[in-house]
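The values are calculated or read from the model by the stated rules, or taken from the named source; none is laboratory data. Small disclaimer: the values here were computed from a predicted structure and weren't measured. Cβ: placed from backbone, ideal geometry, glycine included. Neighbour counts: every protein chain shown.
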Amino acid sequence: MDRFEYIDARLFEGENYIKRDKNVKIYDGDDKTQYVDGEVVLTTHRILWGKPGDIPRGNVCLSLNLYYVFCLEEESSGVFGLGGPKRIILHLGPALPGKRPGPAVVSPYHFIKLSFKDGIDAAFYKALSDAVSAKAWERQSPLASPVSSTSPYSSPKPSVAPVNSKIRSGIVGIERSIEEQHRATDESITVAFQDLTKLMAKAKDMVAISKNISTKIREKQGDISEDDTVRFKSYLMSLGIDDPVTRDAFRSDSDYYLGLSQQISDMMVAVLMECGGIMSLADVWCRVNRARGLELISPEDLLNACKLLQTIGAPMSLRKFPSGACVLQLNSNRDEEVAKSTSELLEENGSLTPVKLSQIASVSVLLARERLFTTERLGLACRDESIEGLAFYPNLFLNPPA
């Protein structure tokens, strides 16, 4: 909206009325404005907007010079694109210094929208596109004398001649804006290809190691070093699951969930052992989808598969805490052992909050909170809730100080 100016509805030298429409609303970018249900008039040089009756009377209205517009398009506001286009998007160059005051000093957007209550008139859109392409303001002489022109309301309007240097600076600003957009696009493409280059480099390393291993096996010349094995295994794990379970490979959902459950069990054992034997279901979903690559699964599929872990005899199971938090937990990770280790940390630190425990044990705040509640349920900790927050202390009733 910082490209609009307050100006009376008078024509410039060589400017002519082209088309008009009613019930038009102005958007500043995607934001609504107070300028609704107005009348819009298109000239060879500008777009004028005012309340019904303002423009034919020559009252003060909003004016947007067409040299700001470097691109326009239609936008459909109907559900799924139904109902036909109702808005015109005008992409604008930067506001020029020294322009007349307007409804906004600065705007975060570089486009506006004209919303038509009754839908876009095809003739109006074509006339606007032709006026922007024609660039009638570039053919205007700065020494021309004022003239009058007949408006759609049949009332002559005196005109004021604009300065060509301002028009030229507007064109330069538009060109500069287009160059900045191209530069931003080039930077995005460069970043994307940098990631692709890193992936290709890792793939080359893995291929080289695999060729080395296969050559040693084929020629039987020496044993494969431990470093080669470790590196090869790390590359394979970073690539994720090579044959992810998909729904279309099974006849029924139950078989699909059983297969997915087995695959989750196989890949999450090592992960759970590294993070203390327990992980929130949200983190499990992220880990599984990262390993599956493009064959992503929904949270609902993950939940249904985890419910079957006990059915297939997996070394882990789905657990839901009284608070409602769902986690994936190794069967060997019993509450008694968790409470005992947490109780020892309480004695070492005097007291713990969920945040402090999460930092010490390198777990999420959610899991740290559940560990403390589990320790409390087994009688090894006491809770203190106050305005300062939630804290846990050793249970001195069971183990009084000497």
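Residues that are of a type in the set (D, E, K, R) and under 21 Å from residue 92 (Cα atoms) within segment 1-14 comprise 2, 3, 5, listed in sequence order. Taking residue 328, is it modelled with pLDDT of 85 or more, touching a Cys at 6+ places or on another chain (Cβ under 7 Å) and of a type outside the set (D, E, K, R)? The answer is yes for residue 328. Here the condition is being modelled with pLDDT of 80 or more, in contact with a strand residue (DSSP E or B) (Cβ under 7 Å, 6 or more places away or on another chain), on the phi > 0 side of the Ramachandran plot and surrounded by 12 or more Cβ atoms within 10 Å (Cβ to Cβ); of 119, 102, 93, it holds for 119 alone. For segment 1-63, the strands (runs of 3 or more DSSP E) that sit wholly inside it and include 2 or more residues that are in contact with a Cys (Cβ under 6 Å, 6 or more places away or on another chain) are 46-50.
Return yes when residue 315 is farther than 30 Å from residue 244 by Cα, assigned by TED's automatic domain parsing to the domain that holds residue 258, in contact with a helix residue (DSSP H, G or I) (Cβ under 9 Å, 6 or more places away or on another chain) and not hydrophobic (A, V, I, L, M, F, W, C) and no when it is not. No, not satisfied. Taking the residues in segment 340-389 that are among the hydrophobic types (A, V, I, L, M, F, W, C) and outside any helix (DSSP H, G or I) as candidates, determine which candidate is surrounded by the most Cβ atoms within 10 Å (Cβ to Cβ). Here the residue is 352. Of all residues in segment 320-331, those satisfying the criterion of being in contact (Cβ under 8 Å) with a residue 12 or more places away in the chain and touching a strand residue (DSSP E or B) at 6+ places or on another chain (Cβ under 9 Å) are 321, 325, 326, 327, 328, 329, 330, 331. None of 292, 287 is basic (Lys, Arg) and over 26 Å from residue 371 (Cβ atoms) except 292.
Of the candidates 39, 13, the single residue that is crowded, with 18+ Cβ neighbours inside 10 Å and more than 39 Å from the chain's Cα centre (by Cα) is 13. Taking the criterion of being farther than 25 Å from residue 21 by Cβ and either not small (Gly, Ala, Ser) or not in a loop (DSSP other than H, G, I, E, B) (or both), the residues of segment 88-98 that qualify are 94, 96, 97. Kindly evaluate residue 282 against the criterion of being in contact with a helix residue (DSSP H, G or I) (Cβ under 6 Å, 6 or more places away or on another chain) and more than 15 Å from residue 247 (Cβ to Cβ). When the stated conditions are applied, residue 282 does not pass them.
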